[in-house]
Amino acid sequence: QVQLVESGGGLVQPGESLRLSCAASTRSLTYYTMGWFRQAPGQEREFVAARSTRGGPAAYAESVEGRFTMSIDNAKKSVFLQMNALKSEDTAVYFCAAKPAGSTDWSTWGQGTQVTVSS
C-alpha cells in the first residue's frame, strides 16, 4: 500500500504560478502510474495529468495542456505539478493519485490541497 499527501496549494492571482507537491509513503514508486485530479465545488472530479514512474511523457487534460507540467522524482518519492498562467477556472481541490502500472483503477488518493485563483 501507499499513502499520499499533497501540499503547496494556496491563493494566487490570475496569470501567476504555483507548484503542488505529493509525498508518497512507500518503499518505492516503481511500477506505479501517478496522476493529478481536481474537483471544483458542485462538479465531478476531473483528470488533470498522469505519467508512469518509469519514465515517458506525461498526459494532460486539454484544459491545462501547455500550462501545467507534471514531474516525478522517484528517489525522493515525490510527485509535482507545476501550474503556470493560472486561470480562475483552475480553482479546485487538487488530488494526487496512484495506480499499479497497467491498471485502469486509481486505487490510492491523497487528501487534497486547495488552489484558489482570484483577483
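The values are calculated or read from the model by the stated rules, or taken from the named source; none is laboratory data. Remember, predicted model here, so these are calculated numbers, not experimental data. All Cβ positions, glycine included, derive from the backbone under ideal geometry; neighbour counts span all protein chains shown. Just the protein is used for accessible areas: all its heavy atoms, side chains included, with ligands, DNA and RNA removed. Shrake-Rupley method; radii C 1.70, N 1.55, O 1.52, S 1.80 Å.
If residue 28 passes every condition in (1) over 16 Å from residue 1 (Cβ atoms); (2) open to solvent by 10 Å² or more (accessible area, probe 1.4 Å) but one, which one does it miss?
The single condition residue 28 does not satisfy is (1).
Any residue at all in the range 79-102 that is out of contact with any strand residue (DSSP E or B) (no Cβ under 6 Å at 6 or more places or on another chain), closer than 13 Å to residue 40 by Cβ and of a type in the set (Asp, Glu)?
For the range 79-102, residues out of contact with any strand residue (DSSP E or B) (no Cβ under 6 Å at 6 or more places or on another chain), closer than 13 Å to residue 40 by Cβ and of a type in the set (Asp, Glu): present.
For the range 62-119, give me each residue that is out of contact with any Gly (no Cβ under 9 Å at 6 or more places or on another chain), part of a loop (DSSP other than H, G, I, E, B), closer than 19 Å to residue 28 by Cβ and not hydroxyl-bearing (Ser, Thr, Tyr).
The answer is 74, 75, 76, 77, 101, 102, 110.
Name the residues in the range 64-79 that are farther than 19 Å from residue 14 by Cβ and open to solvent by 30 Å² or more (accessible area, probe 1.4 Å), would you?
Across the range 64-79, the qualifying residues are 71, 72, 73, 74, 75, 76, 77.
In the range 1-18, which residue that is at pLDDT 95 or above and part of a loop (DSSP other than H, G, I, E, B) is most open to solvent (accessible area, probe 1.4 Å)?
13
Residue-wise test of (1) open to solvent by less than 40 Å² (accessible area, probe 1.4 Å); (2) β-branched (Val, Ile, Thr).
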{"position": "51", "(1), (2)": "no, no"}
{"position": "56", "(1), (2)": "no, no"}
{"position": "62", "(1), (2)": "no, no"}
{"position": "81", "(1), (2)": "yes, no"}
{"position": "84", "(1), (2)": "no, no"}
{"position": "104", "(1), (2)": "no, yes"}
{"position": "112", "(1), (2)": "yes, no"}
